[in-house]
Structures are given as C-alpha cells and as structure tokens.
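Chemist: Got a structure for you, written out below as structure tokens; questions coming shortly.
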Amino acid sequence: MTARAPQSSRLDACISPTARDALAPGSRDRLIAQESLRIRWHQLFDRIPLLSARLPDTTDLYEAFLEWAVAGHGRLDWRMHLHFLEFLEGRDGGGAGIPLRPQDHIELLAASAARWFAFPEHRQRGLALTTAALAPKVVVALKGDAPLERGRVKLAQLPGLEPAPGIHWALSGPGDFAVLTWSAL
C-alpha cells in the first residue's frame with residue numbers, strides 16, 4: 001500500500017500537470033488527478049471544436065495553459081475560456097502567442113458565456129463579453145426567466161462600443177444591455 005499524499009498536494013494535482021507528475025506512479029491519487037485533468041480538458045476543448053481543430057497538439061498546449069493559470073494568471077471557473085484566450089494570445093508575457101481570428105474570439109467568448117450559465121452565484125440575467133478584435137460586436141448571454149428555461153448566447157452589435165485592449169465583460173441584472181459597466185478581465 002502506497003502512502004497518501006498530503007491533501008493540498010492531491011488537490012493541486014487535479015489542476016496542475018506538474019503536481020500530478022510529483023505523485024507516485026500508479027497510485028490512487030495520481031489516477032484521480034489524471035482523471036480530473038482529463039475532465040477539465042474536455043470542459044475546455046469540447047466547447048471550442050473549430051479552434052481546437054486548428055491548434056497544435058492540444059495536450060501540450062493544455063498542460064502549458066494550466067501551469068500558466070496556476071501560476072496566478074487565471075481562474076478556471078466560468079472565465080476559463082477567457083483566460084485561455086489570454087494565454088493563446090500570449091498576454092502577460094507568457095502563453096502560446098498563437099494568432100487568432102475574430103471567429104476564434106467569438107467561439108471562446110461563447111464557450112465562457114455557456115459556462116457562466118452553470119454558476120449559480122451569479123443572480124444577474126445577462127452577461128456581455130467582448131475583445132478588441134470584436135468591438136463593436138459582443139457575445140451576449142441571457143438566462144431564461146424560469147429556472148428550467150434555457151439560456152441563449154448570441155452575437156450582437158453595440159453601436160458606439162470602441163475597441164479596447166484586452167477582454168471585457170459586463171453583467172446586467174434585468175438582462176437589459178442598454179447600459180453596461182465594463183470590467184477588464
């Protein structure tokens with residue numbers, strides 16, 4: 001029977017390939033960490049099939065992204081795809097530096113919006129996301145009125161929205177996008 005790793009090491013291994021590799025080969029903890037990383041890979045890439053098809057080896061890219069995020073560059077909640085966009089563009093002096101097209105931005109923003117629906121701590125009905133490559137277009141997510149009503153994600157045009165560097169998002173309580181206060185990622 002192999003000794004169990006400390007709790008913090010086991011948790012770190014579920015989001016860090018380096019921490020996973022530090023666990024004993026074949027151990028239960030390492031198998032759980034590997035499965036956790038596989039699930040997160042699917043959470044990231046299954047929602048962006050067009051971009052995934054154009055990327056180089058997604059396993060190496062994914063592991064590099066996770067290490068970049070763990071180093072303090074991004075959260076892996078509903079904003080995971082926004083941080084992946086940051087990483088791909090090579091912002092903050094790190095990342096992959098992969099050139100992206102406007103449709104890649106749309107796909108990544110839509111994936112992030114779709115994940116936002118699943119986070120119950122957001123009581124707002126609407127979310128708007130944009131990047132400098134898209135402005136004055138925005139990806140808009142609108143939750144349904146009833147708990148089981150499906151949300152919608154659409155591409156919309158906001159006249160007067162000027163391109164600003166980086167990724168920006170805004171929440172709207174009633175789902176009215178007439179007045180938005182933008183926050184940088």
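The values are calculated or read from the model by the stated rules, or taken from the named source; none is laboratory data. Predicted model, so just to flag it, every value in this text is computed and none were measured. When we count neighbours, we look across all protein chains shown, and the Cβ atoms used for this are built from the backbone with ideal geometry, even at glycine. Keep in mind that these areas ignore ligands, DNA and RNA; they rest on the heavy atoms of the full protein, side chains included. Shrake-Rupley method; radii C 1.70, N 1.55, O 1.52, S 1.80 Å.
Chemist: In region 135-162, what count of residues is obtained for those that are surrounded by fewer than 13 Cβ atoms within 10 Å (Cβ to Cβ) and in a loop (DSSP other than H, G, I, E, B)?
Modeler: 9
Chemist: Same structure again: Could you please let me know if ARG20 is at pLDDT 90 or above, out of contact with any strand residue (DSSP E or B) (no Cβ under 8 Å at 6 or more places or on another chain), surrounded by 12 or more Cβ atoms within 10 Å (Cβ to Cβ) and of a type in the set (Lys, Arg)?
Modeler: Working: at pLDDT 90 or above: no; out of contact with any strand residue (DSSP E or B) (no Cβ under 8 Å at 6 or more places or on another chain): yes; surrounded by 12 or more Cβ atoms within 10 Å (Cβ to Cβ): yes; of a type in the set (Lys, Arg): yes.
For ARG20, the condition - at pLDDT 90 or above, out of contact with any strand residue (DSSP E or B) (no Cβ under 8 Å at 6 or more places or on another chain), surrounded by 12 or more Cβ atoms within 10 Å (Cβ to Cβ) and of a type in the set (Lys, Arg) - is not met.
Chemist: For residues that are in contact (Cβ under 8 Å) with a residue 40 or more places away in the chain and not small (Gly, Ala, Ser), scanning just region 135-168, find the one that is nearest to LEU100 (Cα to Cα). Walk me through it before giving the result.
Modeler: Start the filter on region 135-168 by keeping residues that are in contact (Cβ under 8 Å) with a residue 40 or more places away in the chain, which leaves 153, 155, 166-167.
Subset that is not small (Gly, Ala, Ser): 153, 155, 167.
Working: VAL153: 21, LEU155: 18, ILE167: 14 Å.
Within region 135-168, the match that is nearest to LEU100 (Cα to Cα) is ILE167.
Chemist: Can I ask one more? Conditions: (1) within 21 Å of GLU107 (Cβ to Cβ); (2) under 18 Å from the mean Cα position of the chain (by Cα). LEU171 meets all but one. Number of the miss?
Modeler: Status for LEU171: all satisfied but (1).
Chemist: Give me the residue from region 169-183 that is in contact (Cβ under 8 Å) with a residue 24 or more places away in the chain and open to solvent by 80 Å² or more (accessible area, probe 1.4 Å) and, out of that set, nearest to LEU134 (Cα to Cα).
Modeler: Of everything passing the filter in region 169-183, ASP176 is nearest to LEU134 (Cα to Cα).
Chemist: What is the residue count in region 25-69 for residues that are open to solvent by less than 20 Å² (accessible area, probe 1.4 Å) and not hydrophobic (A, V, I, L, M, F, W, C)?
Modeler: Residues that pass the stated criteria total 3.
Chemist: Read through the list (1) modelled with pLDDT of 90 or more; (2) surrounded by 13 or more Cβ atoms within 10 Å (Cβ to Cβ); (3) farther than 19 Å from ALA64 by Cα, then give the number of the only condition that ALA5 fails.
Modeler: ALA5 satisfies all of (1) modelled with pLDDT of 90 or more; (2) surrounded by 13 or more Cβ atoms within 10 Å (Cβ to Cβ); (3) farther than 19 Å from ALA64 by Cα except (1).
Chemist: For region 56-92, give me each residue that is modelled with pLDDT under 90 and outside any helix (DSSP H, G or I).
Modeler: PRO56, ASP57, GLY74, ARG75, LEU76, ASP77, GLY90
Chemist: Report, by residue number, each residue of region 97-134 that is in a helix (DSSP H, G or I) and free of Cβ contacts under 8 Å to residues at least 12 places away in the same chain.
Modeler: Within region 97-134, the first condition is being in a helix (DSSP H, G or I), and the residues that meet it are 102-117.
Once the filter is applied, which keeps residues that are in a helix (DSSP H, G or I) and free of Cβ contacts under 8 Å to residues at least 12 places away in the same chain, region 97-134 yields nothing.
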